[in-house]
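Notes to accompany the following structure.
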Amino acid sequence: MYSEIHQLKAIGMKKAQVARKLEIDVKTVTKYWEADPEQFQEMVQAGRSRSKKLKAYRDVTLKWLRANPDMSTAQILDWLKEHYNDFSVRERTLRRYVDELRKKHNIPKPAPVRQYQAVSELPPGRQIQLDFGQKRVRKADGGYITLYVMGIVLAHSRYKYGKWTDRPFTAAAFIQILLFCFEHLGGLCEELVIDQDKLAVVSENHGDIIYTYEFEQFKRLMGFQVYLCRKGDPESKGKIEAVVKYVKRNFANHRLFTDLRSWNESFYEWLKRTGNYNIHGTTKKVPAEVFLSEQEYLKPVPSMSVPKEIVTRTVRKDNTILHRGNRYTVPYGTYHPGCELKLEEAGETIRLFNRQSGELVAEHVVSFEKGKLIQNRNHLRDHTVKLEQRYEKALNILGDSPEARAMLEGIRREKPRYVREQYLIIEKMAEMYEADIVHEALKFCLKRELYCAADCLDIADWFEREQSTKEAEELAIPIPGWLKVKAEKRDPALAYAHLAGGGVQ
């Protein structure tokens with residue numbers, strides 16, 4: 001591997017190209033990229049020393065593997081650290097050693113076995129399956145490019161069709177290719193099988209499937225049914241998964257890319273030469289020949305103009321859309337699951353429209369910076385309505401007096417960030433105390449310019465306690481006159497002098 005890396009380096013290949021060519025990690029290429037033969041030999045010796053270090057733990061590792069064949073390397077590493085305090089080896093090194101032990105002592109890691117069921121052949125004209133794939137291919141002038149393919153196959157005849165693009169599919173492009181496919185086939189099937197791709201499906205919605213706007217209109221016009229299957233479900237759409245894999249491996253592998261038009265022309269020639277004219281491995285028939293008889297069972301294609309390319313943007317939960325690396329606001333409350341807006345760009349302005357009604361939702365000047373939030377102040381949340389409702393409620397509870405209005409307006413002026421909380425305290429005070437106490441508390445606060453609901457509540461509490469004390473004094477039982485007589489007090493010194501028969505010195 002070291003020799004191959006340096007041979008490819010010598011002919012001018014880059015690290016990433018070498019990694020793809022040798023099917024190894026780019027980190028491994030980097031490790032040996034600048035190493036001379038002496039340094040490489042030192043690396044080999046270091047690796048051997050690490051292997052010798054792990055041999056001391058061979059028996060216990062084998063014991064664990066034999067007892068628990070499904071044990072992961074990460075868990076073995078943790079157990080070794082738990083039982084041996086001085087154990088210090090990287091997980092990647094241990095993984096290689098554990099793999100060697102598994103091979104040498106025949107302890108394979110058990111893999112879950114998924115059971116499948118054979119699917120009976122469908123009648124002609126019943127079903128068409130569709131799926132997407134992508135492939136990184138080499139360009140004729142150097143470098144690589146990622147191409148995207150949309151594959152289509154008739155379930156009965158295994159007749160194939162498809163289209164390649166050099167960018168991800170949009171909803172409009174997806175429908176265009178479907179329409180071209182139906183015209184190429186000379187009809188359409190009763191049912192279209194597709195997985196939960198965002199080009200066709202917004203939400204599965206517990207069975208009440210919500211389709212994208214374009215696909216819903218197209219489906220209604222064409223009149224076919226849709227079977228929505230889950231990802232990696234070969235029993236539902238295994239035929240098209242096999243077709244996409246076949247197209248990528250047999251047609252796209254090792255083919256040089258010059259331009260998209262030539263690539264698709266070569267692809268259609270491949271379909272005529274190989275894809276639809278080789279004997280199918282399961283049916284043992286030629287798809288093109290079976291298709292001639294299946295064509296009679298296809299439904300006619302309704303006339304329809306090819307849809308224009310529609311640029312859409314998904315509305316995010318924070319009521320913004322992403323466009324060229326920036327966030328642009330839409331009016332508060334626009335967001336709902338699956339909400340998309342149509343985007344039109346004219347000069348330095350973008351406009352966002354409701355896709356159903358065509359109503360203009362938002363308009364912004366395009367920013368040529370990146371990572372910015374382009375905000376329209378009119379799109380911010382409108383707190384005024386709820387605040388006015390809270391104001392009116394508090395005012396009604398307080399009896400709509402001038403003092404109440406002055407206090408509520410003062411609170412809004414002095415504490416604008418906490419108006420809601422302040423009004424709630426005022427409402428609580430009005431429910432806890434009598435109207436006259438509340439009125440006195442408001443007057444007291446207004447006189448001293450105390451625009452604080454908590455202060456007003458404390459003062460109302462003080463007034464109530466004062467009033468309770470006063471009422472208790474007024475309701476006290478009258479004391480009889482004889483109980484009000486006070487005993488005469490005499491000077492103890494005079495009393496003691498009289499008893500002694502003398503006077504006071």
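Run the reach check for K428 against lysines, Cα to Cα strictly under 17 Å, same-chain hits fewer than 8 apart removed. What comes back?
Once the sequence-local lysines are set aside, what remains near K428 is K393.
What's the exposure ranking of T212, T283, going from fewest to most Cβ atoms within 10 Å? The partial results should precede the final answer.
On the way: T212 22, T283 13.
Least crowded to most crowded, the residues run T283, T212.
Just how large is the dipole of region 384-474 about the Cα centre, in debye to the nearest 20, putting +1 at every Lys and Arg Cβ and -1 at every Asp and Glu Cβ? It would help to have the intermediate numbers written out before the result.
Details: 15 positive and 21 negative charges, 152 e Å.
Roughly 740 debye for region 384-474.
Which of H280, H379 comes first, and how do the rest follow, when ranked by fewest Cβ neighbours within 10 Å?
Working: H280 14, H379 19.
Starting with the residue having the fewest Cβ neighbours, the order is H280, H379.
How long is the gain from T146 to T282 if the chain were fully straight, where each residue apart is worth 0.36 nm and the alpha carbon distance is subtracted?
45.9 nm
Of K14/K109; K27/K245; K135/K370, which pairs sit farther than 31 Å apart, going by alpha carbon to alpha carbon?
Numbers: K14/K109 36 Å; K27/K245 28 Å; K135/K370 29 Å.
Flagged as over cut-off: K14/K109.
Project the alpha carbons of region 384-474 onto their principal axes and report the range along each, largest first, in whole Å.
On the principal axes, region 384-474 reaches 49, 23, 20 Å in Cα extent.
Mind putting a number on the dipole of region 312-379 about its Cα centre? Charges go on the C-beta only, +1 for Lys and Arg and -1 for Asp and Glu, and I need it in Debye to the nearest 20.
Details: 11 positive and 8 negative charges, 51 e Å.
The calculation lands at about 240 debye.
How much of the calculated P(r) for region 238-366 lies past 24 Å, in percent of all Cα pairs? Mind dumping the intermediate values first?
Details: 4881 of 8256 pairs.
Percent of Cα pairs beyond 24 Å in region 238-366: 59.
Describe numerically, in nm with one decimal, the distance between label points set 7 Å from Cα along Cα→Cβ at R324 and at S357.
Going by the 7 Å Cα→Cβ label model, 2.9 nm.
If each residue of separation counts as 0.36 nm, what is the full-extension length gain between V365 and E42 once their alpha-carbon separation is subtracted?
Stretched out fully, the V365 to E42 stretch lengthens by 110.2 nm.
For q = 0.18, 0.19 Å⁻¹, what log10 I(q)/I(0) does region 127-297 give under the Debye formula with an equal point scatterer on each alpha carbon and no solvent?
Values, matching the q order: -1.23, -1.34.
Is it possible to state the helix-based mean residue ellipticity at 222 nm for the chain, with each DSSP H run of 4+ residues giving -39500 (n - 2.57), the sum divided by total residues, to the nearest 500 deg cm²/dmol? What is it?
Working: 18 runs with 221 residues, N = 505.
Here the helix-only value at 222 nm equals -13500 deg cm²/dmol.
Work out how much length Q75 to F180 would gain on full extension: take 0.36 nm times their residue separation and subtract the Cα-Cα distance, in nm to one decimal. Don't skip to the end; give the middle numbers.
Numbers: separation 105, 0.36 × 105 = 37.80 nm, distance 5.39 nm.
Computed gain between Q75 and F180 is 32.4 nm.
Determine Rg/Rh for the chain; Rg is computed over alpha-carbon atoms and Rh is the Kirkwood hydrodynamic estimate from the same atoms.
Details: Rg = 42.2 Å, Rh = 32.9 Å.
Radius of gyration over Kirkwood radius for the chain works out to 1.28.
Taking the Cα-to-Cβ direction at K299 and at D259 and moving 7 Å from each Cα, how far apart do the two end points lie in nm?
4.0 nm
Assign unit charges at the C-beta atoms only (+1 for Lys and Arg, -1 for Asp and Glu), then state the dipole size of the chain relative to its Cα centre in Debye, rounded to the nearest 20.
3560 debye
Cut-off is 10 Å between beta-carbons; in what order do M407, M304, M150 appear when sorted fewest neighbours first?
Final ranking by Cβ density, sparse to dense: M304, M150, M407.
As an exercise, use a Förster radius of 45 Å and the Cβ-Cβ distance of R273 and F87 to find the FRET efficiency, rounded to the nearest 0.05.
Values: r = 60 Å, r/R0 = 1.33.
The formula returns an efficiency of 0.15 here.
Among C229, Y161, I279, whose Cα projects farthest towards the positive end of the dipole of region 127-297, with charges put on the beta-carbon of Lys, Arg (+1) and Asp, Glu (-1)?
Checking the options against the dipole of region 127-297, the answer is I279.
Along the positive direction of the dipole of the chain (beta-carbon charges: Lys, Arg +1; Asp, Glu -1; about the Cα centre), which of P300, I5, L387 reaches farthest?
Ranked along the dipole, the leading option is I5.
Can you find, among V60, L424, G151, the residue sitting farthest towards the positive end of the charge dipole of the chain, where Lys and Arg contribute +1 and Asp and Glu -1 at Cβ?
After comparing all options, I get V60.
Rounded to the nearest 0.05, what FRET efficiency do E4 and L101 give with R0 = 22 Å and r taken as the Cβ-Cβ distance? Could you check?
Details: r = 27 Å, r/R0 = 1.24.
Using R0 = 22 Å, I get an efficiency of 0.20.
Between 0 and 90 degrees, rounded to the nearest ten: what's the tilt of helix 402-414 against the longest Cα principal axis of the chain?
50 degrees
Using only alpha carbon pairs under 8 Å that are at least six residues apart, calculate the relative contact order of region 384-474 and give it in whole percent.
Values: 73 pairs, mean separation 26.0, N = 91.
Relative contact order of region 384-474: 29 percent.
Quick one: work out the % antiparallel among DSSP beta bridges in the chain, nearest 5.
Details: 38 of 49 bridges.
Bridges in the chain are about 80 percent antiparallel.
Given contacts defined as C-alpha pairs under 8 Å and at least six residues apart, what's the relative contact order of the chain, whole-number percent? Could the numbers behind the result be given before it?
Working: 575 pairs, mean separation 42.3, N = 505.
Taking the mean separation of contacting Cα pairs over the length of the chain, I get 8 percent.
R0 = 60 Å: FRET efficiency of H336 with K63, Cβ-based, nearest 0.05?
Working: r = 58 Å, r/R0 = 0.97.
That pair, H336 with K63, gives E of 0.55.
Relative contact order for region 312-379: what percent, with Cα pairs under 8 Å and sequence separation of 6 or more? Display every interim value, and only then the final one.
On the way: 126 pairs, mean separation 22.3, N = 68.
Dividing the mean separation by the residue count of region 312-379 yields 33 percent.
Read-outs: derived from the displayed coordinates by stated rules, not from any lab. In this text the structure is predicted, and so the values were computed from the model without any measurement. So basically every Cβ, Gly included, is an ideal-geometry build from the backbone, and we count neighbours across all protein chains shown.
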